[in-house]
Amino acid sequence: MSDHITRLLGAAQGGDRDAHDRLFRLLYDELHHCAHRQLRGADHTLSTTALVHETYVKLVAAERLQLDSRQHFMALAARAMRQVLVDHARRLNADKRGGGLALVTLDDRIPEAPTEAAEVLALDQALGELEKVDARAARVVQLHFFGGLGFGEIAELEGLNERTIKRDWQAARALLAATMASPA
């Protein structure tokens, strides 16, 4: 299976649209699981299937994907999923009348799944701030939280050991919680 994914990745890199489609079908269940995790318990008008499909549209919109592995594909999918969720939250927020965003206060953790548009936007803003301070920790959050990758997979993708990735995760969670809790 891994060899098949590698061949499909090579073909997709070469611009083979059919390879993109086959790769997507192969990894669809994994993307669906990640999307389901993001929307679990959330008050969204966006369905799991719609999130997966909008993620796919973002991925194929890139003319040439530079993919090295399944983990790399999932990293790009995580980024695309984050963008879809943030865009959706912005649309929902724009539809509301009055006031700015209400920041959600979180003690020492980030939420399992953002439940409101304001929370998604606050998390995205805090993640943007984290990227300025610690880009690697921000990637770890994006890969784990939005992409559903395990710490071992992230370690392999980043070329680091799993303990380092777990430390990055812990530090990132604390920084994100502090950023989200402080007034804008």
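Assorted remarks:
- For 182, 69, the sequence from fewest to most other C-beta atoms within 10 Å is 182, 69.
- Nearest-0.05 FRET efficiency for residue 6 and residue 47, computed from C-beta distance (R0 41 Å): 0.85
- Protection proxy ranking of 141-148, 73-80, 21-28, 169-176 - average other beta-carbon atoms within 10 Å, highest first: 141-148, 73-80, 169-176, 21-28
- Gain on full stretching of the segment that runs from residue 164 to residue 37 - 0.36 nm per residue minus C-alpha separation: 43.3 nm
FYI, it's all coordinate maths here, none of it is from the lab. Because the structure is predicted, anything quoted here is derived from the model rather than measured. Note that we place each Cβ from the backbone using ideal geometry, even for glycine, and neighbour counts take in every protein chain shown.
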